[in-house]
1. Report, in whole Å, the centroid distance computed from the Cα atoms of segment 201-220 and segment 235-265.
2. Using unit Cβ charges (K, R positive; D, E negative) and no other charged atoms, how large, in debye to the nearest 20, is the dipole of segment 198-258 about its Cα centre?
3. Can you give the charge dipole size of segment 143-265 about its Cα centre, rounded to the nearest 20 debye, using +1 on the beta carbon of Lys and Arg and -1 on the beta carbon of Asp and Glu?
4. What's the FRET efficiency of N248 with T25 using the Cβ-Cβ distance as r and R₀ = 30 Å, to the nearest 0.05?
5. Along the positive direction of the dipole of segment 153-265 (beta-carbon charges: Lys, Arg +1; Asp, Glu -1; about the Cα centre), which of S260, L215, V169 reaches farthest?
6. Do you know the Lys pair count in the chain for C-alpha distances under 21 Å, with sequence separation 8 or more or different chains?
7. With a cut-off of at most 14 other beta carbons within 10 Å, and DSSP calling the residue loop, which trypsin sites (Lys or Arg not before Pro) in segment 1-68 qualify? Please list them.
8. How many nm separate the modelled label positions at E103 and N217, each set 7 Å beyond the Cα in the direction of the Cβ?
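Just so it is clear, none of the values below were taken in a lab; they were calculated from the coordinates. As the structure is a computational prediction, the values presented were derived from the model and not from experiment. Here the Cβ is made from the backbone with ideal geometry for all residues, glycine too, and neighbour counts use every protein chain on show.
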Amino acid sequence: MSNPTLSEADIESLAEVVDTAALQTAPIPMLTAATPALDLDTAYDVQRASIERRLTRGEELVGMKMGLTSRAKMEQMGVHNPIYGHLTSSMLLDDGDAISHSEHCHPRVEPEIAFILGEDLQGPTTAAHAMMHVSGICSALEVIDSRYENFKFTLIDVVADNASSSHFVLGNTVRSVEDLDISNLGMVMQVNGKPVQVGSSAAIYEHPARSLAALANMVAERGEYLPAGFIVLAGGATAAVALQPGDNVTLKAEGLGTCSLTVKD
Ligand code: OOG
Ligand code: MG
């Protein structure tokens, strides 16, 4: 734990606040309102402590995500810095699985590209170098669910809240790096058969591989790396869409087939 402005006990108690909000589906005020001393580095400590709580409950770390890597997402949320979060086994859904609306505060869905790492990836790295560590690429839908009231937050608050991570689905079509140029893939997200967001993988940090490299570089600053087998979500290509009970969501990504999820009450 790196920052002297908050004690380890303070970090633990903030982690408990965000973790409990998720467990109880009870939105909370932003942490920075009551704790103005919380800074970005310490917010990542809070995030990490909240993940430790999940691991203690038996969840496993399966990967990481980048967030706020497209202009559409930055503008929708009013936060203009890329961030990262952790993905655990309880967040991972199979293609076609359902989430329960009532177990979320205010869920939204967004279209993404996912990487599966074949080798450990240690920053500093670049897009090209990072891609050489990827064994598979697939489409993904991410369900985000901020634990903050009204889905409103600052950069520091969203980092402490594990970048709004809630659930994600990977498409079943897995392609290799040599096989598919992912620089500009068309992406269409449909809800109940209607296209609600249309975009391109190029919107994700100009190229999803740049997002992967940025993640490796950000975690390297904290002395960490991305281990082989990790799933990495590169970030939403478009703005996120609010989910309603009964919704059926499908992402069609060029060259990557489809992936879908449904929403029950
Ligand atoms: C923060 C998480 C952003 C993405 O793909 O940009 C994110 C949020 O919008 O709540 O997951
Ligand atoms: Mg996302």
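1. What the calculation gives is 22 Å, centre to centre.
2. It comes to approximately 40 debye.
3. 200
4. So, using R0 = 30 Å, E works out to roughly 0.85.
5. Projecting each Cα onto the dipole axis, the largest value belongs to S260.
6. 8
7. R57
8. 3.8
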